[in-house]
Amino acid sequence: MELTPTAKIRSRTQSPSSILLYKQCPRKYYYRYIKKLPTSPSIHLVRGSIAHQVMEDIYAVNLNHIPESQFLITLKVIIQEMFKKEWDAAAEQFAELNMSAEELAQYRAETQTMMHNFFHYLVDRLKLTGKPLKEAFASEQPEREVRLQSDHHGVMGYADAIQQEGSKILILDYKTSKKAEITDDYRLQLSIYGMLYEELAKLPDDVGIFFLKHGRELRIPMTPLMASRAKEEVAAVHDGTRSREIDDYPKKPSYLCKWSTGQCDFYNECFGQKSLNDFRSELVQIGKK
Ligand code: SF4
């Protein structure tokens, strides 16, 4: 639709999350970022933030006084202790989720395993340096939670870890996803980090994800083509989000609107009280068209 002067807004600074959300469903972007409707807390967000906190904080622990022979066991115990402390501190957030004690215990055990996987990943990385582990831990730390911003492209994000590997740079994201797979969305997110880092310093050599659930790191070489595609995607989202009119943000119905155990935060705005079966029938009709 033609924009009236009052309906035009300066496009906001985008983030990898807002860009992926817009691509997933423009209407969802509208409710989240333009209308700023509240979203429900989720176990995935809470436990993701706990895991990220531990993985960031562990590097700040001073282990200089620990004998080399005790280093591994100490590191392992500290990671588990930090995890326990963060989990307990999130009690109020868990209470809001209305989960059964059994469900919550399941997530706790799963997240604890993720921390265990992270410990092994960290140790493997330290061993690769060829240095004594304690020395490697102190000297080979990644930069954590690095703010990467481009005013020129109007985009900002935080990279979980940026690691120097010899003369090479690796940008790494930590994910708690079920599948260890670099999907198109993840690829775009990593490409945006790469593009931002290029503006700051140089094109990173690799970008990748450590999948906590699987204890597996997957990485891909960062190419100039990925950076230019990321710029195109960012520009397209800026172009698509200058309006404040709801009609300029079409619904994109999919299985992410409603499923057997939950629904999109904005399902009621889009589909009222429509049941899962009715919604699925509508989805089939949309698919046929
Ligand atoms: S319910 Fe579906 S169509 Fe509506 S905002 Fe959410 S994802 Fe988009």
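The values are calculated or read from the model by the stated rules, or taken from the named source; none is laboratory data. Owing to the predicted nature of the structure, the values given are computational and were not obtained by experimental measurement. Heads up, the Cβs are rebuilt from the backbone with ideal geometry, glycines too, and the neighbour counts pull from every protein chain shown.
So the values come out like this:
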{"item": "Restricting the range 236-289 to residues that are of a type in the set (S, T, N, Q), assigned to a loop (DSSP other than H, G, I, E, B) and under 13 Å from Pro26 (Cα atoms), the residue that is nearest to the ligand (Cβ to nearest atom)", "result": "Ser254"}
{"item": "Of all residues making up the range 109-135, the number that are among the basic types (Lys, Arg) and surrounded by 16 or more Cβ atoms within 10 Å (Cβ to Cβ)", "result": "2"}
{"item": "Wholly enclosed strands (runs of 3 or more DSSP E) of the range 76-185 bearing at least 2 residues of a type in the set (Gly, Ala, Ser) and in contact (Cβ under 8 Å) with a residue 24 or more places away in the chain", "result": "155-165"}
{"item": "Condition check for Arg229: away from the ligand (no atom under 16 Å from the Cβ), touching a strand residue (DSSP E or B) at 6+ places or on another chain (Cβ under 8 Å) and in contact (Cβ under 8 Å) with a residue 24 or more places away in the chain", "result": "no"}
{"item": "Which numbered condition Glu181 misses (of (1) surrounded by fewer than 18 Cβ atoms within 10 Å (Cβ to Cβ); (2) over 30 Å from Ala236 (Cβ atoms))", "result": "(2)"}
{"item": "Matching residues, the range 71-94, being over 27 Å from Glu217 (Cβ atoms) and surrounded by 11 or more Cβ atoms within 10 Å (Cβ to Cβ)", "result": "Ala89, Gln93, Phe94"}
{"item": "Only one of Leu283, Leu225 that is assigned by TED's automatic domain parsing to the domain that holds Gly154 and at negative phi", "result": "Leu225"}
{"item": "Selection status of Tyr22, among the aromatic types (Phe, Trp, Tyr), outside any loop (DSSP other than H, G, I, E, B) and modelled with pLDDT of 95 or more", "result": "yes"}
{"item": "So Leu256, is it loosely packed, with under 15 Cβ neighbours inside 10 Å, under 23 Å from the mean Cα position of the chain (by Cα) and at pLDDT below 95", "result": "yes"}
{"item": "Flag for Ser281 being over 20 Å from the mean Cα position of the chain (by Cα) and either at pLDDT below 95 or buried (at least 16 other Cβ atoms within 10 Å of the Cβ) (or both)", "result": "yes"}
{"item": "Members of the range 16-55 found to be aliphatic (A, V, I, L, M) and within 14 Å of the ligand (Cβ to nearest atom), listed by number", "result": "Leu20, Leu21, Ile34, Leu37"}
